[in-house]
Structure formats: C-alpha cells, structure tokens
Amino acid sequence: MDNPISKPGEGAHAGVDEGQYLDWFSAPGSAEKQVTLCLKNSPMVLLGYAANQYKQSTSRIFLKQFGVGSLDWRLMVVLYRNPNIPSKMVVNYLRVDKAAVSRTLSRLEQRGYVRWQPDANDERVKVWQLSAAGQKLHDDMLNVSVEIYQRVLSRLDGAQVDQFRQILEVLIESISSLPDELIDMPSPEWTTEHEK
C-alpha cells in the first residue's frame, strides 16, 4: 500500500527513527500494510499523555484540598515571584491563552486570593498581586506541590532529572519554532512503499 510518508533519512524525518513515532500494521483480515501514529512508542504522544495525566491528577488533589486547580496554582506562583505585573505578562509566563488567564484571575479575585491596582505608568492597565490570603494559600499549596514533585520524580536520580529538563527545554524551543505555514500545509502528493 502506498503511504504518504517520506523515505527514511529524507526530509523532515532525517536522523529520526520512524519506528519511534509511526506504526505499520495490517488491519484484521487484510495483509495490506497501513501506517498511523504509534500511540505506544511515540515520545510526543507519551509526553502529551504524561502532561495531561499530571495536570488532571494535580488539579484533582489541589481542588480537593484547597478548592483551586493546577492553573490557579501556577498563576499564583507567577504572581508570588512577580508581584504587580499585568495579565499580558502572566500569559507569557504560563504560555496559555489570554482568555484562560483572564478567567483564572477573575476567579481568584472573587475568592480574595488576588487583587489588582492601576499601573503607575498607565492607569488603563491592571497590575496583579497576591493578597495576604493568596500568599497564605501559596505557602500551603507549595508544601503539597513539593510532595507531588518528589513522588513523581522518585524513580529518577538527580542526573536523570537534569537530563529530562534539558530535553524538555529543547522540545519547547523546537515546538515554539514550528513554522506557521504548517497550518496551511497541503497534503503531500508523493508516496512511498514502506515494508515493515
């Protein structure tokens, strides 16, 4: 069967083992080879699984113990480290969309954990900081967050954690530099046979 996959060692796949992210298989009752993403071995799929599971698990823990989720927690950390910053800077730190930050700030403000004041240089701009209650909540959540980190990373030694972080930094940079034209990239017209 012809598959729209470049030949090993060519183009965007050069230097990367396609077996790490693609899966060639035969459908039940057919000897014809087909190809799709390998959900078991693809590093990016596994990274997505781990990230989603981590966010869901930490949110469940934080919601049960403190009534706030993982995004609320990360936003509070940003304000703890950088008091009196506008929401635009919070967006840059968290790397999430503006609407999510706006909703989170509004929710935390209603609960008395954050407050805002006009920017000294531009009164049209709100700058945000933790309230006294927000700082207390931050300190309480920090203890639980450290416990989570230690449990999640307990099977890795210090060198492995450092290497893992370095790999993530490379991936973040690579993802950030993906060209916009990929959005409108047409389906490839070239095909090739791949024998498993």
Does segment 66-154 classify as rounded, prolate or oblate by the C-alpha gyration tensor (a ≥ b ≥ c root eigenvalues; a/c under 1.5 gives rounded; else a/b over b/c gives prolate, otherwise oblate)? prolate
Spin-label point model (7 Å from Cα, Cβ direction): what's the Asn143 to Gln163 distance in nm? 3.5 nm
For q = 0.12, 0.20, 0.24 Å⁻¹, Debye-computed log10 I/I(0) when each Cα of segment 15-125 counts as one equal scatterer: -0.62, -1.06, -1.32
Per the Debye formula with a single identical scatterer at each Cα and no solvent contribution, what log10 I(q)/I(0) holds for segment 42-196 at q = 0.13 Å⁻¹? -0.79
Using a Förster distance of 45 Å, how high is the FRET efficiency between Tyr54 and Val125, based on the Cβ-Cβ distance and rounded to 0.05? 0.85
Environment charge at Leu47 (Cβ cut-off 14 Å; Lys +1, Arg +1, Asp -1, Glu -1): +2
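Values in this text are rule-based calculations from the coordinates and carry no lab data. For clarity, every value in this text was computed on a predicted model and none was experimentally measured. Methodologically, a virtual Cβ is constructed for each residue, glycine included, from the backbone with ideal geometry; neighbour enumeration extends over all protein chains shown.
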